[in-house]
1. For the stretch 106-136, name all the residues that are of a type in the set (A, V, I, L, M, F, W, C), over 39 Å from the mean Cα position of the chain (by Cα) and open to solvent by less than 70 Å² (accessible area, probe 1.4 Å).
2. Which residues, counting only those in the stretch 137-152, are among the acidic types (Asp, Glu) and either open to solvent by 90 Å² or more (accessible area, probe 1.4 Å) or in contact with a Lys or Arg (Cβ under 8 Å, 6 or more places away or on another chain) (or both)?
3. How many of the residues making up the stretch 91-136 are touching a helix residue (DSSP H, G or I) at 6+ places or on another chain (Cβ under 8 Å) and in a loop (DSSP other than H, G, I, E, B)?
4. Give me the pairs: first residue in the stretch 99-125 and without any contact (Cβ under 8 Å) to a residue 12 or more places away in the chain, second residue open to solvent by 20 Å² or more (accessible area, probe 1.4 Å) and in a strand (DSSP E or B), beta-carbon distance under 7 Å, and six or more apart or on different chains, which are they?
5. Filter the stretch 130-156 down to the residues that are among the hydroxyl-bearing types (Ser, Thr, Tyr), touching a strand residue (DSSP E or B) at 6+ places or on another chain (Cβ under 6 Å) and over 14 Å from residue 111 (Cα atoms) and list them by number.
6. So which residues in the stretch 46-90 are farther than 30 Å from residue 102 by Cα, open to solvent by 100 Å² or more (accessible area, probe 1.4 Å) and not in a helix (DSSP H, G or I), if there are any at all?
7. Give all pairs with beta carbons closer than 6 Å in which a residue from the stretch 70-86 that is in contact (Cβ under 8 Å) with a residue 12 or more places away in the chain meets a residue that is aliphatic (A, V, I, L, M); count only pairs at least 6 apart in sequence or on separate chains.
8. Within the stretch 80-104, count every residue that is more than 39 Å from the chain's Cα centre (by Cα) and aromatic (Phe, Trp, Tyr).
Amino acid sequence: MISISQAALEIIVLVCALLIAVLIACLVMSIRNTIKLKRIMQNCPSGKLDETIALYYNMVSDLADEIDKKTEQFEQIEKMVRAGVQKFAVVHYDAFNDITNNLSFSIALLDAEDTGFILTSIYGRTHSNLYIKSILKGKSNSTMSDEEIEAFERALRSYDNKLK
């Protein structure tokens, strides 16, 4: 008969305890992974994980394409908004000393780049005149009256105030 010493017996018991601990840890990890896999599989319409991953990948790809389209649309809308009238102001005044009630006016209509026009109506007792002056990037090729300058400056200020 083989005699096992007390030290060898303790080592065997220690190794067996260590193996049991490793086995329990593996079992716990396996149970956790099984629970996670069941949760994942609940969202698998086909019941096959690889098909579901491919399905979700395609959905994400479609969403990325849709985002690209919406970005292009947004950029186009942004260009349209910048080209539209964003800054405007009206100045009423009496063009002549003998006519009151501020029947003459200047209207400034500008886009985001300060391009547009100033429309001026001068009201007189016997006639009225209508003038339009082009504005390109904040500059006019024509000399502007004080009222037209005021309308232009008010349009710029009112727009800045809207953005605050």
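The values are calculated or read from the model by the stated rules, or taken from the named source; none is laboratory data. What you see is a predicted model; the values in this text were computed from it and never measured. Ideal geometry is used to build each Cβ from the backbone, glycine not excepted, and the neighbour counts take in all protein chains shown. To get the accessible areas, we keep the full protein, side chains included, count just its heavy atoms, and leave off ligands, DNA and RNA. Shrake-Rupley method; radii C 1.70, N 1.55, O 1.52, S 1.80 Å.
1. Selection gives 122 alone.
2. Passing the criteria: 146, 148.
3. Summing the residues that are touching a helix residue (DSSP H, G or I) at 6+ places or on another chain (Cβ under 8 Å) and in a loop (DSSP other than H, G, I, E, B) in the stretch 91-136 gives 4.
4. Matching pairs, first to second residue: 102/92; 102/93.
5. 131, 140, 142
6. Within the stretch 46-90, just 48 meets the criteria.
7. 82/112; 85/109; 86/112
8. Total meeting the criteria: 2.
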